[in-house]
1. Provide a single number: the residues in region 90-99 that are farther than 18 Å from residue 193 by Cα and free of Cβ contacts under 8 Å to residues at least 24 places away in the same chain.
2. Taking the residues in region 125-175 that are more than 20 Å from residue 101 (Cα to Cα) and among the basic types (Lys, Arg) as candidates, determine which candidate is surrounded by the fewest Cβ atoms within 10 Å (Cβ to Cβ).
3. Residue check: is residue 85 modelled with pLDDT of 95 or more and either surrounded by fewer than 13 Cβ atoms within 10 Å (Cβ to Cβ) or in contact with a strand residue (DSSP E or B) (Cβ under 9 Å, 6 or more places away or on another chain) (or both)?
4. May I ask you to list pairs of residues, at least six apart or on different chains, whose Cβ atoms are under 8 Å apart, with the first in region 159-171 being closer than 21 Å to residue 182 by Cα and the second being among the aromatic types (Phe, Trp, Tyr)?
5. Anything in region 111-130 that is out of contact with any helix residue (DSSP H, G or I) (no Cβ under 6 Å at 6 or more places or on another chain) and more than 18 Å from residue 85 (Cβ to Cβ)? List them, or say none.
6. Which one of these is charged (D, E, K, R), touching a residue at least 60 places away in the same chain (Cβ under 8 Å) and within 30 Å of residue 66 (Cβ to Cβ): 102, 113, 117?
7. Which condition from (1) modelled with pLDDT under 95; (2) closer than 29 Å to residue 186 by Cβ is the one that residue 95 breaks?
8. Before we move on, is residue 141 touching a residue at least 40 places away in the same chain (Cβ under 8 Å), under 24 Å from residue 89 (Cα atoms) and assigned to a helix (DSSP H, G or I)?
Amino acid sequence: MNKIDELLGRIAALEKELAEELRQKQDELLYTIHRKKVVFGEEIRKRHRELAARWSDYVYDSGVLIILTIPLIWGALIPAVILDVAVAAYQWACFPIYGIPRVRRSDYVVIDRHALRYLNVIEKLNCAYCGYFNGVMAYVREVAARTEQYWCPIRHARPLRSVHGRYSRFFAYGDAEGYRRGLARVRQDFDDVPEKAARPSPGSESKA
């Protein structure tokens with residue numbers, strides 16, 4: 001294993017550690033998740049209601065310039081919805097043909113912060129927007145990452161500021177022999193995806 005593979009492996013391990021730390025934080029803040037619904041104790045809910053800011057004060061404190069940016073923020077939601085639908089249709093139609101396991105959208109698009117009692121109605125709406133928009137971007141990135149793993153699993157020559165979770169499976173830039181020898185294997189290397197194993201892909205040797 002070279003240094004790059006080692007570093008990518010450490011990144012994956014840290015992501016798992018972060019997920020565990022967040023789970024422990026759930027116990028610390030005294031809430032449970034039942035059928036995807038967050039449930040706080042009565043005392044916590046009461047304290048949250050006391051800390052909620054009035055929406056009118058929230059708007060006033062935001063200032064005129066921030067309010068004027070609202071149409072631009074919400075206007076970006078339109079292409080996000082179109083992208084969401086287009087990518088969902090793409091993976092449902094194409095991934096079975098490629099033998100790639102589909103990305104479960106609900107693992108990425110999570111909208112639950114609106115249930116927090118210490119948020120006013122505007123803050124809840126903002127949080128729902130952010131949860132949807134960022135969730136869609138993460139969902140699309142995973143769909144794109146699995147697509148890239150099938151069609152072009154080659155690392156870039158230049159270092160990237162951020163890489164997706166499947167990048168560690170890619171071949172080194174310029175490794176022609178490794179690419180030709182291992183392409184069919186890498187195209188089916190989805191054993192880490194828990195939902196289902198990838199089935200063999202027709203035409204895995206070359207791109208049609």
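1. At the first step, the residues of region 90-99 found to be farther than 18 Å from residue 193 by Cα are 90, 93.
This time we only want the ones that are free of Cβ contacts under 8 Å to residues at least 24 places away in the same chain, so: 93.
Here the count works out to 1.
2. The selected residue is 161.
3. Criteria met by residue 85.
4. Every condition considered, the pairs that remain are 171/179.
5. Keep residues of region 111-130 that are out of contact with any helix residue (DSSP H, G or I) (no Cβ under 6 Å at 6 or more places or on another chain), which gives 112, 115-116, 119, 123, 125-126, 129-130.
Answer for region 111-130, where residues must be out of contact with any helix residue (DSSP H, G or I) (no Cβ under 6 Å at 6 or more places or on another chain) and more than 18 Å from residue 85 (Cβ to Cβ): 112, 115, 116, 119, 123, 125, 126, 130.
6. One residue alone meets the criteria, 117.
7. Among (1) modelled with pLDDT under 95; (2) closer than 29 Å to residue 186 by Cβ, the lone unmet condition for residue 95 is (1).
8. Taking the combined requirement at face value, the residue does not satisfy it.
The values are calculated or read from the model by the stated rules, or taken from the named source; none is laboratory data. Since the structure is predicted, the reported quantities are computational estimates derived from the model, not experimental observations. Every residue, glycine among them, receives a Cβ derived from its backbone with ideal geometry; neighbour counts consider all protein chains shown.
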